[in-house]
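To keep things clear, I will list the structure first and then write my remarks on it.
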Amino acid sequence: MLVGQIPLKLDFLPKLIYLDLSVNLLVGQIPPSLGFLPNLTYIFLRSNQLKGSIPELGQFPQLQELILGKNKLSCELPHAILNASGSLQILGLEFNMLSNTLPPNIGDRLPKLIHLTLSGNTFEGNIPASLGNAQGLKLIDLSDNSFTWIIPTSFGKLSNLTILNLENNLLETRDNRDWEFLNALRNNSFTGIIPTSFGKLSNLTTLNLENNLLETRDNRDWEFLNALRNCRSLKVLSVSLNQLQGSTPQSIGNLSPSLEQLLLFGNNLSGQVPQSIRKLSALIKLVLGENI
């Protein structure tokens, strides 16, 4: 395991493309001389004890992956990263001590981002709507920060997004318009089961998860229906065009008495229509077509 500091002068390696010093006991600061290695494409310094600020990186036309997570870096996200390379695909800065707000144009300056991991810092302010312009994003992890305000509806443009983690922030909803981000969750590529945590959104009126890859493999995977009984203002529930399968459980009748639209078409559902649906007396639109 390497110890000590990264050499201050690295410009004697002008052809260096790949630098990996991860999982060591390196201390001190990241040397500014990294900015003089124009061919660097991959920088991995994760899991050390590096501190201080992220240096001015200069222009890295080839830079694709910058992984600095699990250190002790303490600064705001430097604009140098935005200026470094429009080719950046993976940016990992998780579990440092980075602070302040994210640049509002981060998604415009890094249009080729695929993975963005900033969890476990102290970022605050708005989540930039411009992230919706980095349409190749598959993973966004902003958990365990202090982001405030609402979740941007521009995330609905991220058709490749499979993981979105925003837990343990200070996000809020003031009125029904602020729930619009949930409509943006349709037409993505989310996989797995529908989480029961939606049931904690007691003022939720619309939940649209259609056209994803969500599934139900057994009765336990339908637990989200029991959780949604806490959403007494829910008017629209759409889980159409997913991979739900098996019989629709009787618990569907325990949904909000205010429910007006229930859309389950385009899945692999089988069996009988549950009798409990008759309890949804406000229902105006029921769509169960294109199932097995």
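Quick notes on this one:
- Residue by residue, segment 12-26 carries 3J(HN,Hα) couplings of 7, 10, x, 9, 4, 10, 10, 10, 10, 10, 5, 6, 9, 10, 6 Hz when phi is fed to the Karplus relation 6.51 cos²θ - 1.76 cosθ + 1.60 (θ = phi - 60°); x denotes Gly or Pro.
- Interchain or long-range residues, amide H under 5 Å from Glu290's placed H: Gly266
- A cut-off of 5 Å between modelled amide H atoms, ignoring neighbours fewer than 5 places along the same chain, links Thr216 with Leu244, Gln245.
- Assigned charges on the beta-carbon of Lys, Arg, Asp, Glu; segment 176-292 dipole about Cα centre (debye): 380
- Most mobile of Leu131, Leu113, Leu45 in a GNM of the chain (Cα contacts under 10 Å): Leu45
- Its DSSP H runs of at least 4 residues, each contributing -39,500 (n - 2.57), put the calculated 222 nm mean residue ellipticity of the chain at -1500 deg cm²/dmol, to the nearest 500.
- For segment 120-141 and segment 244-292, distance of Cα centres in Å: 35
- Qualifying aspartates and glutamates (Cα of each under 18 Å from Cα of Lys279; at least 8 residues distant if same chain): Glu260
- For segment 243-251, 3J(HN,Hα) per residue [Karplus equation, 6.51 cos²θ - 1.76 cosθ + 1.60, θ = phi - 60°, Hz, x = Gly/Pro]: 10, 5, 9, x, 7, 6, x, 5, 5
- Residues listed by number, segment 98-121, amide nitrogen under 19 Å from Gln29 label point at 7 Å toward C-beta: 98-100
- Working from label points 7 Å from Cα in the Cα-to-Cβ sense, the Phe265 to Ser233 distance is 2.9 nm.
- Scalar couplings 3J(HN,Hα) for segment 38-47, obtained by applying the Karplus form with A = 6.51, B = -1.76, C = 1.60 to θ = phi - 60°, are x, 8, 4, 10, 10, 10, 10, 10, 5, 6 Hz; x denotes Gly and Pro.
- Gly52 long-range amide H proximity, modeled H, under 5 Å: Ser74
Each reported figure results from applying straightforward, stated rules to the coordinates on display, with no laboratory input. Because the structure is a prediction, the values reported are computed rather than measured. For neighbour counting, all protein chains shown are included, and Cβ atoms are generated from backbone atoms with ideal geometry for every residue, glycine included.
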